Amino acid sequence: MNIALIGYGKMGKEIERVAHERKITVKQIFTIENNLGAIGITRKSLSDVDVCIDFSVPTAVVENVQAVADCGKSIVIGTTGWYDKLKEVEKIVKEKKIGLLYSPNFSLGMNIFYHVLTVASHLIDKYDFYDVAINEIHHKGKVDSPSGTALALGQIILQNIRRKKSVISETLHKEIKPDQLHITSTRVGHVVGVHSVIFDSEGDSIEMIHTAKNRAGFALGAITAAEWLKGKKGVYTMKDVITSL
């Protein structure tokens, strides 16, 4: 399989390394220098590419998707912070009849974490003396906050704990309301990613933690997603990959 990388930061470089190990050819690498405004993504530059993988910046996602779709190619998106544009992206995918797979986190471990949290939240829903909160820690270079993964964890909780109605992520200078779910973020050093969910009551606390040790797991997940997406049309998430393997 041949891929193109859109974005060549730490994740892009790790995907390139993992692709080489798996005998997958990286045909094109698009950076801010050669792809500002998606100008580098053309039918010619993608002529030998099966699937593109985007780990760029949130503001570039829609134009990258449009350019890739105009070339009739499919795309995996690991960039987060653009989900308010999801409807627009879904429209592009439908009109151009391509495949698109997005996920806030491509780690297999985190996708298992999603499943475990779903079960735990469903159980906690029955016991209203437990409160719940989310904390995430990432390296100081991460541009979005809260992380897309933290927001995905929040949605799982909102869907399963009925007394929680909304997410609040800004700094609080007042008492939090019982129906609010607080997500806090820390940016420090070189932390790849730590996500924790705490269920707290007067009698005890239950804490669930996922710690990413390096970017290899994310890269392998993105490559696996690209292999799975090849030849498919429509919009998918990592959940579709996990449940079909």
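The values are calculated or read from the model by the stated rules, or taken from the named source; none is laboratory data. Source: prediction; values computed, not measured. With ideal geometry, Cβ positions are generated from the backbone for all residues, glycine too; neighbour counts draw on all protein chains shown.
Counting only residues that are touching a strand residue (DSSP E or B) at 6+ places or on another chain (Cβ under 8 Å) and in a loop (DSSP other than H, G, I, E, B), the stretch 167-176 holds 3 of them. In summary, residue 115 fulfils each of the numbered conditions (1) assigned by TED's automatic domain parsing to the domain that holds residue 203; (2) touching a helix residue (DSSP H, G or I) at 6+ places or on another chain (Cβ under 7 Å) with the single exception of condition (2). Where residues in the stretch 180-239 are of a type outside the set (Val, Ile, Thr), within 30 Å of residue 126 (Cβ to Cβ) and under 17 Å from the mean Cα position of the chain (by Cα), which of them is surrounded by the fewest Cβ atoms within 10 Å (Cβ to Cβ)? Residue satisfying both the conditions and the ranking: 239.
I'd like the full set of residues that are among the small types (Gly, Ala, Ser) and without any contact (Cβ under 8 Å) to a residue 24 or more places away in the chain, limited to the stretch 78-137. Those that are among the small types (Gly, Ala, Ser) and without any contact (Cβ under 8 Å) to a residue 24 or more places away in the chain: none in the stretch 78-137.
The set of residues in the stretch 152-182 that are over 16 Å from residue 116 (Cα atoms) and of a type in the set (A, V, I, L, M) comprises 167, 168, 172, 176, 181.
Among the residues of the stretch 97-115, the one identified as more than 18 Å from the chain's Cα centre (by Cα) and either among the β-branched types (Val, Ile, Thr) or crowded, with 19+ Cβ neighbours inside 10 Å (or both) is 98. If you go through the stretch 28-40 and keep only what is out of contact with any Phe, Trp or Tyr (no Cβ under 9 Å at 6 or more places or on another chain), surrounded by 17 or more Cβ atoms within 10 Å (Cβ to Cβ) and outside any loop (DSSP other than H, G, I, E, B), you end up with just 28. Just one residue in the set 211, 149 is out of contact with any helix residue (DSSP H, G or I) (no Cβ under 7 Å at 6 or more places or on another chain) and not in a loop (DSSP other than H, G, I, E, B); that residue is 211.
Got a number for residues in the stretch 41-65 being assigned to a loop (DSSP other than H, G, I, E, B) and either buried (at least 19 other Cβ atoms within 10 Å of the Cβ) or touching a Leu at 6+ places or on another chain (Cβ under 6 Å) (or both)? Going through the stretch 41-65 one residue at a time, the tally reaches 6. Residue 153 meets all of the listed conditions (1) in the same structural domain as residue 191 (by TED's automatic domain parsing); (2) at pLDDT 95 or above; (3) among the hydrophobic types (A, V, I, L, M, F, W, C); (4) surrounded by fewer than 19 Cβ atoms within 10 Å (Cβ to Cβ) but one, namely (4). Every listed requirement among (1) surrounded by 15 or more Cβ atoms within 10 Å (Cβ to Cβ); (2) modelled with pLDDT of 95 or more is met by residue 86 save one, (1). When residue 168 is tested against (1) closer than 23 Å to residue 107 by Cα; (2) of a type in the set (Val, Ile, Thr); (3) surrounded by 11 or more Cβ atoms within 10 Å (Cβ to Cβ), just one condition goes unmet, and that condition is (1). Inspect all residues belonging to the stretch 11-26 and state whether any of them is assigned to a strand (DSSP E or B), in contact with a Leu (Cβ under 7 Å, 6 or more places away or on another chain) and modelled with pLDDT of 95 or more. There is at least one residue in the stretch 11-26 that is assigned to a strand (DSSP E or B), in contact with a Leu (Cβ under 7 Å, 6 or more places away or on another chain) and modelled with pLDDT of 95 or more.
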